[in-house]
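Comments concern the structure below.
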Amino acid sequence: FLMAALPNMKYIHVTRHGLDMAYSSNQTQLKVWGPELLARTVNTKSADDSFAYWCAAHERVLKLQERTNQKILILPFEGLFTDADSTISDLCSFLKLPDTRTKARNVIKQLRAPQTMGRYRELQRLNVSEANRRLLHRLGYDIEIPTG
């Protein structure tokens, strides 16, 4: 709707790792939009339902990105902490702004990665289908399965 109403709009969709978000205490989006997007009843205390919602929502964003001819940038939040230079460079390129990595680096150095980054590694494993593994990978996330 917004892309049609505002044809010059650019949209930046900031993501968090879907497996981390499955364990978030904030499940408002699942509660409000989950039944509609998943076309079924959802359990807001279920990490599996939360992950299913995350996957469905991001599949939808990817489809919109394909249809809007470069008007949507999907930006992984974790990139600010793992590869700030590339993340800022991608953002500047998308917005057609001068590359401000040098200035941004000083601001980013003051940020602290949330302790919840990577929490899925320490919690009960979810069943992740091959299709959802591919989705995670397409969005810049890989699954690190603990051994042992």
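The values are calculated or read from the model by the stated rules, or taken from the named source; none is laboratory data. From a predicted model like this one, the values you see are computed outputs, not experimental measurements. Every residue, glycine as well, gets a Cβ built from its backbone with ideal geometry; the counts of neighbours run over all protein chains shown. Areas reflect the complete protein model, heavy atoms only, side chains present, ligands, DNA and RNA absent. Shrake-Rupley method; radii C 1.70, N 1.55, O 1.52, S 1.80 Å.
Counting only DSSP H runs of at least 4 residues, each contributing -39500 (n - 2.57), and dividing by the residue count of the chain, the helix-based mean residue ellipticity at 222 nm comes to -14500 deg cm²/dmol.
Distance from the C-alpha centroid of segment 2-72 to that of segment 87-144: 16 Å, rounded to the whole angstrom. Selection among 87, 65, 11 by position relative to the dipole of the chain gives 11 as farthest towards the positive end (Cβ unit charges, Cα centre). Sequence-distant contacts, meaning Cα pairs under 8 Å at least 6 residues apart, place the relative contact order of the chain at 27 percent. When ligands, DNA and RNA are left out and all protein chains stay put, how many square angstrom of accessible area per residue does the chain have with a 1.4 Å probe? Ligands and nucleic acids excluded, the figure is 68 Å² per residue.
Think of segment 81-148 as a dipole: +1 on every Lys or Arg Cβ, -1 on every Asp or Glu Cβ, centred on the Cα centre; then among 106, 126, 141, 106 lies furthest on the positive end. Here segment 26-78 exposes an accessible surface that is 51 percent carbon and sulfur, computed with a 1.4 Å probe and the other protein chains kept in place. Label reach from residue 8 (point 7 Å along Cα→C-beta): in segment 70-91, amide nitrogens under 16 Å belong to 71. Where in segment 71-112 is the amide nitrogen less than 20 Å from a point lying 7 Å along the Cα-to-Cβ axis of residue 64? Answer for this model: 71-78, 91-92, 94-96. Convex hull of alpha carbon positions in segment 1-129: directionally averaged projected area 9.5 nm².
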